[in-house]
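One structure is given here, and the rest of the page talks about it.
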Amino acid sequence: MNLDTSRLSHAYITDKNTAEIIAMAALCSSEDTNKPCYNCINCDKIKRHIHPDITYIKRFDDKREILVDQIRDIKRDVYIAPNEADKKVYIVYDADTMNRNAQNAFLNVLEEPPPHVVSILVTTNPATLLPTVRSRCIEIFSNIKTDAEQNNTEIDKSLLDDFIKSIGNDDLLLTQCMFRLEKLDKTSLSAFLTAARQRLAQSLRNTSNRNCLLYAETIITNAEEMLFYEVGSGHIAGMMLASLISNKEVT
Ligand SMILES: [Zn+2]
């Protein structure tokens, strides 16, 4: 894959592999406009992850989210000129784990970046980023698939929506969801639980209902464990219903 660097944007949302190619294209010192060349000193250093003009931002191991302070560090750093290349690149891994504050802080970088700055947000799920962030970036995705898609398992999207909506809010809807859930076979239930956990993790960013959703996450982990030990869907649905209904007091 090559990019026409005469038309390079200052911000991208993309997957991990493409992020590296864009970074290389931005810093590549080849004379050709089709970059990267994969051979020059800049390309080589990027391949080895030792280029001083690339900053990698990721979540700390013990944290759920990328912290707003990590983004504030970037905001200061962008004004410092590049070391070796003509541009500087910031790659934010798991960009969907930036909470709302961090994303808003990042908006400043996206709105008026110095001309030498290229920002790349890496995520498999751009829908979880604020629309204001997305609107300032070019989205490039090759062939990202969710786990469920890779396993060719259909997820009942309406069940997933209803389930997430019901947590801590609507016991009747929750009960109806669990009646639907107990009819799923093992593969579908497994895919559903994975998807539900991903959705909860995303919802955690913008909610006043945080404790409740965190609790729901542990219940889903318990359900996955039960499934692993071949407990039937009916029992799992019953456990989830009992746990999540009584969870109302947790919030
Ligand atoms: Zn190169």
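The values are calculated or read from the model by the stated rules, or taken from the named source; none is laboratory data. What you are looking at is a predicted structure, and each value in this text was computed from that prediction instead of being measured. All Cβ positions, glycine included, derive from the backbone under ideal geometry; neighbour counts span all protein chains shown. Ligands, DNA and RNA are stripped out before the accessible areas are found, and what is left, the full protein with its side chains, is counted by its heavy atoms. Shrake-Rupley method; radii C 1.70, N 1.55, O 1.52, S 1.80 Å.
Listed values, structure above:
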item	result
With Cα atoms, 0 to 90° folded angle of helix 16-27 axis to the chain main axis	20
Degrees between helix 157-166 axis and first principal axis of the chain (Cα, 0 to 90, nearest 10)	80
Inter-part distance where segment 1-75 and segment 90-133 are each reduced to a Cα centre, Å	13
Positive-end residue, segment 3-144 charge dipole about Cα centroid, Cβ charges, pick of L130, N108, Y79	L130
Convex hull per residue volume in Å³, alpha carbons only, for segment 148-250	87
Check: segment 15-125 dipole with +1 on Lys, Arg Cβ and -1 on Asp, Glu Cβ, in debye	200
Total formal charge among the other residues, if their Cβ is under 14 angstrom from that of K75, Lys/Arg +1 and Asp/Glu -1	-2
Ordering of 119-130, 16-27 by burial proxy (mean other Cβ atoms within 10 Å per residue, highest first)	16-27, 119-130
The chain: C-alpha pair distances exceeding 27 Å, %	47
Of all accessible heavy-atom area on segment 29-122, the percent that carbon and sulfur account for (1.4 Å)	44
FRET efficiency, 1/(1 + (r/R0)^6) with R0 35 Å, evaluated for F141 and R48 via beta carbons	0.85
Ordering of 226-232, 34-40 by burial proxy (mean other Cβ atoms within 10 Å per residue, highest first)	34-40, 226-232
Cross-link pairs K58/K165; K63/K88; K45/K87 - those with Cα-Cα distance over 23 Å	K58/K165; K63/K88
Net charge of neighbours whose Cβ lies under 9 Å from the Cβ of R197, counting Lys and Arg as +1 and Asp and Glu as -1	-1
Proximal aspartates and glutamates relative to K183, as straight alpha-carbon distance under 20 Å, when same-chain residues fewer than 8 apart are discounted	E154, D156, D161, D162, D171, E224, E225, E230
Dipole moment magnitude, nearest 20 debye, the chain about Cα centre, only Lys, Arg, Asp, Glu C-beta charged	440
Note, ³J(HN,Hα) from phi for segment 100-113, Karplus 6.51, -1.76, 1.60, rounded to Hz, x at Gly and Pro	4, 4, 5, 5, 5, 4, 5, 4, 4, 5, 6, 6, 9, x
Potential lengthening between L130 and T175 on full extension [0.36 nm per residue; Cα-Cα distance subtracted]	13.0 nm
Loop sites in segment 164-213: trypsin sites (Lys or Arg not before Pro), DSSP, at most 16 other Cβ within 10 Å	K183
